[in-house]
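All remarks here apply to the structure that follows.
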Amino acid sequence: MYRTAVIGVFAALSFLIAGDLARRFRLHRVRRPVREADRTDWFPGLLRLCVNLAGAVCLAAVTVTGFAAVLANTPALGGYLLMAHVTTAGGFAGAALAVAVIWIWRNRFTHAECERLTGGKGSSAPPVSGTILLRKTFFWIALASTIPTLATALLAMFPLVSPAQQQVLLQIHRISALSMVACSVLFAYCALAAEWEHRGN
Amino acid sequence: MRPASSIVSMLAITGMLSVAGWPAEAQKPLLGDIPSGSRSRPVHVISLRDENGDTIQPGDRLPLPFSTEQTCGGGCHDVQTIRRGWHFNAALPGVAAGRNGEPWIWIDSATATQIPLSYRAWNGAYRPQDVGIGARAFALRFGARTPAPMETDSADSALDRARWSVSGKLEANCLACHDRSPVYDQAEYARQLGLENFRYAATAASGMAIVTGASSKMSNLFDYLLPGSVEDSLQPSIPQVHYAAERFLAGQKAPFDIARQADSNRCYFCHTEVDVALPGKERWKAGEDVHMARGMACVQCHSNGLNHAITRNYEGEPAAEGNAFADSLSCRGCHMGSANGQQATGPHGLNAPYPKHKGLPALHLERLSCTFCHAGPMPSGTTGRMKTARAHGLGEHNANLDADALPHIVAPVYAQQGDGKLAPYRAVWPAFWGRMKAGRVEPLNPEWVRSLLDRKKLSRQPPADGGWPRIDTAWVKQVLQLLKQSAPGQPEAVYIAGGKLYRLDASGDVKSEANAQAEPYLWAIGHDVRPATQALGANGCQDCHAKTSPVFFADVAVDSPLAQGGTWKMNHFQPAVDAAYQLSLANSWKYRVWLKATASGAAIVLLLLLLGGAYQALVGLSARLSGRRRDHV
């Protein structure tokens, strides 16, 4: 059942992203040249780029090592794959923290976004970008999913829980990890899309 | 069908059943086999019977020894059913062998022989009759440690068959387990067997009588019922029974202290196993099985009904098949609940503690037996040696207590069980002479080899410590050539020792090679069970997941009479374990603390960030509900 869910989630992600990309390319958005103001502020930009790249690589690594066994329909994650998963998970934990720190300020919800999210009709609020709203939403869900994903794996490493309880933790880990990966991918895509929209404007 | 034909058919069936000896009624249980419901110990004040079933009058001039089968089974206990129990049925056809158990190890230092034997079809052990060892030779060597009845078999020579009538047959010795009398002496039983006083052994061991004389000194024509026919010089050596009058009550009946449940001390006589360094040293320094230390008895787990199919308590044993109660007597069944869903309350209401195994990944419970962590000697860089009661005669008179005395039993060896789980084992490296037949080595009768070597003055002088004699490949070559010359036309003679097969090559030199039959005979360690605080893993994962972890990387000492024994790696016995992976895992362990620290720190900061966001959201929500406006929430 979990394997079906994983395949379904990955298929839905691919479908959503591919569809949105197709829509965007059809609109022929013109990329705006990099503004002079951006060039002067090169270090934070480079840092953001590095952190985002590191986050993306670690996410990819932890996703591949984590879900390979599930997709290959093997009984359990073990052996060298588990070792690789645990190793990359350490890097992912650090990268996730860095990405969160970089993005958390930009992903605060504005009043207008709150109005839109809650279905309110605020008249004075500026127009809200749907892509940015989705980016922010996925960021917070990804953040909320990352914590149980890390915590369940960590708890199992300490002499605190029995093997039976570890199985419960494993189930939580699997569910929260799937949620984290899906939301992280969508967050990353929305961030890129928002950037394209920003440059197109 | 018409009525007339129905009646004819019924009569015909009735007639056929009568001819076939169909029992008119089920056999009634005997008096002593009917549970009275009382928890008290049944009193046994009984008449002693000889092997013909006649009551013994201890005051007779030449009283006979009592027969355990006649005395216990005369009218009280179903000895025929009991004789199919685990301790008695090794040689019976159709009995499931179960997993490997401790073999009988035939040793002969003079011919550098150490061969595991068993009447059960255990992997790596040889049936005595296949090695040319008859029942009499077997009884003389090992009879003291088996309560099973023994009499002549097809491997006995004509002389052996004659000697059986002199010594008498070995009966099922009920007293070996059930006699709780402080004077019952199994070591005396062993001594009597050494004197060939088979029919007298139980009587002598019981303390009811003193037995003098030795059947071994009697001629092949000796008749124990006609002692007067023995020549005068041998009269003092005629086996005689001198019953102790004070052991009899009025009516010539004798009280026996018989317990339904065998006392653990009785079990220990045959089932003791200790480190080689322990015999001869102070016992109080030795450890003990945690169950025994908590006041339990062997029979509380190794239990049986009238059929004496005593449970061995490993998972999947035939005796527990379809028997939920027997299934609950295994480690897992008692402590964690049996596979059939029975709760882990423990049999007999013992309320066995449920192991929490905190921090232990569930994978370990799937791939390791309970004994892997909890039983046997603690592993170290190299395997040690053990002595067992049966192999080394512990508890018998004049047992060789030297640490180097044969047989050499190596432990602990962590090997893969039949179900794929790893478990601790004892190992004995076979060393014997044989002939290659159809790709298999058929062992030669060690006694025949010895007589051959004796004739040619090639047998080695056993060392005083009882260990291996000094031999080398030159001697092996001499013996192989002798075996070749002694039986021209016979298959090639070979020698197995120290994990190798030795044979003569075309040029007449000795060459060694690997051979499956040279691999050690392994049997699982079940005891002593260590509690959680002394189990593997009590000091952390690195008890096993370290670069020098003995359970994966220890050296298993190869025991060989030849000097170049050497060692094998533990991993040789773990075909499903990837040693390279285990080493990688062990190497990665030092980074685990960093992993934990990084991931913990990240998780905590991420939680704080999330809480910060939630706080902002709550503030915003509050502001909205109170009508205030802010740019950001």
**Request:** Please report the orientation-averaged projected area of region B:278-410, defined via the convex hull of its C-alpha atoms, in nm².
**Result:** 11.2 nm²
**Prompt:** Which value, in debye to the nearest 20, gives the size of the charge dipole of chain B about its Cα centre, when Lys and Arg are +1 and Asp and Glu are -1 at the Cβ?
**Reply:** 2320 debye
**Request:** Grab the other residues whose beta carbon is less than 10 angstrom from that of A:Lys136, score K and R as +1, D and E as -1, and report the net.
**Result:** +2
**Message:** Give me the one-decimal nm value for the distance between modelled label points at B:Trp284 and A:Arg26, 7 Å along each residue's Cα-to-Cβ direction.
**Reply:** 9.2 nm
**Prompt:** Going down the table (B:Lys456/B:Lys484; B:Lys285/B:Lys387; B:Lys387/B:Lys547), which pairs top 22 Å between alpha carbons?
**Reply:** B:Lys387/B:Lys547
**Asked** So how much slack lies between B:Asp472 and B:Ala487, counting 0.36 nm per residue of separation and subtracting their Cα-Cα distance, in nm?
**Response** 3.1 nm
**Asked** Once Lys and Arg get +1 and Asp and Glu get -1 on their Cβ, which of B:Ile496, A:Ala142, B:Pro520 lies farthest toward the positive end of the dipole of the protein assembly as shown?
**Response** A:Ala142
**Prompt:** Measuring from the lowest to the highest alpha carbon on each principal axis, how far does region A:2-200 reach, largest first, in angstroms?
**Reply:** 55, 39, 33
**Request:** May I ask you to derive the FRET efficiency for B:Asn587 and B:Ser380 from their Cβ-Cβ distance with R0 = 22 Å, giving the value to the nearest 0.05?
**Result:** 0.55
**Fill in**
Honestly the protein assembly as shown on the Cα gyration tensor test (a ≥ b ≥ c root eigenvalues; a/c under 1.5 rounded, otherwise a/b vs b/c for prolate or oblate) is just prolate
**Item:** For residues of A:158-168, the mean tally of beta carbons on other chains within 10 Å
**Value:** 5
**Request:** Taking the Cα centre of chain A as origin, work out the dipole magnitude from +1 charges on Lys and Arg Cβ and -1 charges on Asp and Glu Cβ, in debye rounded to 20.
**Result:** 540 debye
**Message:** Tell me the mean residue ellipticity at 222 nm calculated for chain B from its helices only (DSSP H runs of n ≥ 4, each -39500 (n - 2.57), averaged over every residue, nearest 500).
**Reply:** -7500 deg cm²/dmol
**Item:** Nearby lysines by direct alpha-carbon distance to B:Lys169 (threshold 20 angstrom, same-chain neighbours under 8 apart not counted)
**Value:** B:Lys217
**Backbone HN-Hα couplings from phi across region A:61-68 [Karplus 6.51/-1.76/1.60, Hz, Gly and Pro as x]** = 5, 5, 6, 4, 5, x, 9, 4
**Message:** If you take every residue apart from B:Pro149 with its C-beta less than 9 Å away from the C-beta of B:Pro149, what net charge results, scoring Lys and Arg +1 and Asp and Glu -1?
**Reply:** -1
**Request:** Using only the alpha carbons, work out the radius of gyration and Dmax of region B:480-633 in angstrom.
**Result:** 32.5, 113
**Complete:** FRET efficiency (B:Asn123, B:Arg84; Cβ distance; R0 35 Å; to 0.05) is 0.90
**Complete:** Of the residues B:Phe248, B:Met218, B:Ala204, the Cα lying farthest along the dipole of region B:202-302 towards its positive end, which is defined by charges on the beta carbon of Lys, Arg, Asp and Glu, belongs to B:Phe248
**Residues B:His397 and B:Leu31, FRET efficiency given R0 of 45 Å [Cβ-Cβ distance, rounded to 0.05]** = 0.75
**Local net charge near A:Tyr189, Cβ-Cβ under 12 Å (Lys/Arg +1, Asp/Glu -1)** = 0
**Distance between modelled label sites at B:Thr567 and B:Arg260, nm, 7 Å Cα→Cβ extension** = 5.2 nm
**Request:** Taking 7 Å along the Cα-to-C-beta vector as the label spot, tell me the A:Thr87-B:Ala506 distance in nanometres, rounded to one decimal.
**Result:** 5.1 nm
**Order of B:Ser549, B:Ser40 under a 10 Å beta carbon neighbour criterion, fewest first** = B:Ser40, B:Ser549
**Fill in**
region B:565-582 scanned against label point 7 Å out from A:Tyr80 along Cα→C-beta; backbone N under 16 Å for B:577-582
**Fill in**
Treating every alpha carbon of chain B as one equal point scatterer without solvent, the Debye formula yields log10 I(q)/I(0) values at q = 0.10 Å⁻¹ of -1.04
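Taken together, the values in this text are just the output of simple stated rules run on the coordinates, not laboratory data. As the structure is a prediction and not an experimental result, all values here were calculated from the model. Using ideal geometry, Cβ is built from the backbone for each residue, glycine included, and neighbour counts are taken over all protein chains shown.
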